[in-house]
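Enquirer: One structure, pasted below without further comment.
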Amino acid sequence: MNNNVGGIDRILRIVIGGGLVAAATTGHIGIWGWIGVVPLFTGILGFCGAYKLLGMSTCPLKK
């Protein structure tokens, strides 16, 4: 499993995912906030299955 999420994309996924999970935990946005688990884990792992299927990558090229 190669990393295909890098840099700013990774940071945004962690921040947005964490925010959604936190809001769901405190009851501000309801159960739909738990969808934030997906971007949170893809940001932490650095791998996105959808990017893999579409042949995309935001990681810099490895030399």
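Where a number appears in this text, it was derived from the coordinates with a stated rule and is not lab data. Keep in mind that this is a model prediction, so the values were computed, not measured. Backbone-built Cβ (ideal geometry, glycine too); neighbour counts: all protein chains shown.
Enquirer: Collect the residues in the range 31-48 that are aliphatic (A, V, I, L, M) and farther than 19 Å from residue 59 by Cα, keeping them in residue-number order.
Expert: Hits for the range 31-48 are 31, 35, 37.
Enquirer: Which of the helices (runs of 4 or more DSSP H) contained wholly in the range 1-56 include at least 1 residues that are exposed (fewer than 12 other Cβ atoms within 10 Å of the Cβ)?
Expert: The qualifying helices (runs of 4 or more DSSP H) are 7-26, 49-54.
Enquirer: Would you check if there is a residue in the range 25-41 being aromatic (Phe, Trp, Tyr) and under 8 Å from the mean Cα position of the chain (by Cα)?
Expert: Checking the range 25-41: at least one residue is aromatic (Phe, Trp, Tyr) and under 8 Å from the mean Cα position of the chain (by Cα).
Enquirer: Report, ordered by the first and then the second residue, all pairs with beta carbons closer than 8 Å, sequence separation of six or more or different chains, a first member in the range 11-33 that is within 17 Å of residue 44 (Cβ to Cβ), and a second member that is part of a helix (DSSP H, G or I) and of a type in the set (D, E, K, R).
Expert: Going by the 8 Å Cβ cut-off, there are no qualifying pairs.
Enquirer: Right, another one. For the range 1-30, what are the residues that are out of contact with any helix residue (DSSP H, G or I) (no Cβ under 7 Å at 6 or more places or on another chain), among the β-branched types (Val, Ile, Thr) and more than 24 Å from residue 59 (Cβ to Cβ)?
Expert: 25, 26
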